[in-house]
1. Over what distance in Å are the Cα centres of the range 282-305 and the range 160-210 separated?
2. Suppose we keep just the DSSP beta bridges with both residues in the range 130-244; what percent of those would be antiparallel, to 5?
3. Pulled fully out, how much extra length does the chain show between Ala117 and Gln247, if you take 0.36 nm times their separation in residues and subtract their Cα-Cα distance?
4. Mind checking which of Leu119, Ile106, Ser196 is farthest towards the positive end of the chain's charge dipole, using Cβ charges of +1 (Lys, Arg) and -1 (Asp, Glu) about the Cα centre?
5. Would you mind computing Rg(Cα) / (2.2 N^0.38 Å) for the range 301-375, counting N as its residues?
6. Under 11 Å from the 7 Å Cα→Cβ point of Thr547, by amide nitrogen: which residues of the range 130-170?
7. Before anything else, pin down the relative contact order of the chain: Cα pairs under 8 Å, at least 6 apart, normalised by residue count, whole percent.
8. What does the helix-only formula give at 222 nm for the chain: each DSSP H stretch with n ≥ 4 adding -39500 (n - 2.57), the total divided by the residues, and the result rounded to the nearest 500 deg cm²/dmol?
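Throughout, read-outs are computed from the coordinates displayed, never taken from laboratory work. These figures come from a predicted structure and were not determined experimentally. Note: ideal-geometry Cβ built from the backbone for every residue, glycine included; neighbour counts use all protein chains shown.
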Amino acid sequence: MAQLLIKNGLVVDGTGAPGRLADVRVRDGLIVEIGANLAGQGERVIDAAGAVVAPGFIDSHTHFDATVYWDPRLDPMAQHGVTTVVAGNCSLGLAPMRPEDRVGQIDCFSYIEDMPADLLDAVIPWDWEKYTDYARSFDRRPLGVNLVTFAGHSQIRAYVMGDAAWERAATPDEIARIVAELEEALKAGANGLSFSLFDKDRQGRLVPSRHADEAELDALVAKLAEYDAVLQFIPGHSTEQIIADLQWVGGFLAKYKVPGLYNAMVHLDSEPDRSYRTIEALEALHAEGAHIWAMVSPRPFELRVDFEQSICFINVPAWNELVQAPAGRKRELIRDAAWRARARADCDEQYSPMFPFHIPQQIRIIGVGKPALADWVGKSLGDLVAARGGHISDVLADWAIENDFATAFVNPVANSDPVDVARLLKSPVTFISGGDAGAHLQMFCGAGEGTLVLTRFVRERGDLSLEDAIYALTGQQAALLGMTDRGTLEPGKAADITIFALDELTYATEKLVDDLPGGRSRFTRDPGGFRYTIVNGVVVQENGRATEDLPGSWVGVARQSRLAVA
């Protein structure tokens, strides 16, 4: 394994302590020495003069569960200083799973996370059923960065209960079996449990997590406490529901002293008091012993929306039915008077944050299906409604027909105001996360969150100090996730390191590339200007170019039952 000596850098160690000029020696994948003027011992020397030497960034909310099978480097994470990613979020995952359930489970995962279902089925080896076998399979895979996983509650519930998981509460016997599957995952190295009170599948069914009752959640959180593990969860849609769900889940977390990571808090222009009210609720919960931290992404959430199986119409049943339908069925439905009536009613009655029919002026047209319609690019759906007249649902339906569905929109959902985003980033009940890298491949690029923090909120605006930003991206993430072997620069810790000069960093505009298997497209982002990214003591990117090495691994968190050692 490569031996490194990093010389002359400003070491910002991820604890929040002031940076200091020092050298860092790396041997056999670990940091072995940090000090001034360290003498070389035959290692490769990296000159970090004029640069910061920091722990590699940890991205605690991704959906790279499947991506590792066609892109082991998880482009462009290392090019933005990331050395560890966490998958298995939002109650979803790839294990445990029976072969006969694979088609339905893949469809649910691919719908919610916007990934091609056929790609998942074709590329993933599926050489497991139980979580233990899944962990062993992962452990054999070469990776460009480290991977940590939660166990998905919906996945476990479906494994235990079958179709009934989508329909009802679990019986006492089923709860015991669900908890046993969670325990197996924790023993195998899962970092905790992910849970959802938000998602639906393609047919509009509530995901299995949403059918869990108090008895089931109590038993699950008790097991997490036994293993000093973490609950990641996503609450409901509206502000009132979010606060109610935080209070409900918080009761169990306080009872068992389990930390909770909530995805995600944003600033909404359309509802600016939501974040203030949610922070107040979280502060009250902390005072009561329910330690829930809200994920806050620094990125403006601008969603690209089209009519090709997009998740953005999930709350509007008639429109979701149309968008998920094959092309021929789309053309039938959109001309059907009964569907039109249902669509109008759904638009009027349902809250739809990802495609807000009630704020059409917020939705911009970015693509059209005919050259004659090109003048509409850049205008809003509100402009279209004003010009054409009629109910917004009918105007959108006629526009879809006119473009033969080859049209696209952008909806700036949240985080458009950097002042309010900075306020959220600095709250004591939040942490930097929630970018969703690896998911929604044709909607946005969630990579580069750390780069955005350092460029916009440290270098340009000065909202955060360099040391505080590095702590938020490294040491704080590791502490919240219960990871003790990385996240700070200390002798004995994993040599996950990023080296950069603050004035050299660039947060580039996302772009579409056609590099998925089969030539399909995804959003990505150009390298962020980091000089080096080092994973387990090996350089994986240098000045924006990936190396050939794949030293990353599945980082199974070694967990042992408190009861076993008591």
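1. Distance between centres, Cα-based: 23 Å.
2. Details: 1 of 8 bridges.
DSSP beta bridges in the range 130-244 are roughly 10 percent antiparallel.
3. On the way: separation 130, 0.36 × 130 = 46.80 nm, distance 3.52 nm.
Between Ala117 and Gln247, full extension yields an extra 43.3 nm.
4. Leu119
5. Working: Rg = 12.9 Å, N = 75, 2.2 N^0.38 = 11.3 Å.
For the range 301-375, the normalised Cα radius of gyration comes out at 1.14.
6. No residue qualifies, since no backbone N sits under 11 Å from the label point.
7. Details: 1264 pairs, mean separation 127.0, N = 566.
Relative CO of the chain lands at 22 percent.
8. On the way: 18 runs with 177 residues, N = 566.
Taking each H run of at least 4 residues, the total per residue is -9000 deg cm²/dmol.
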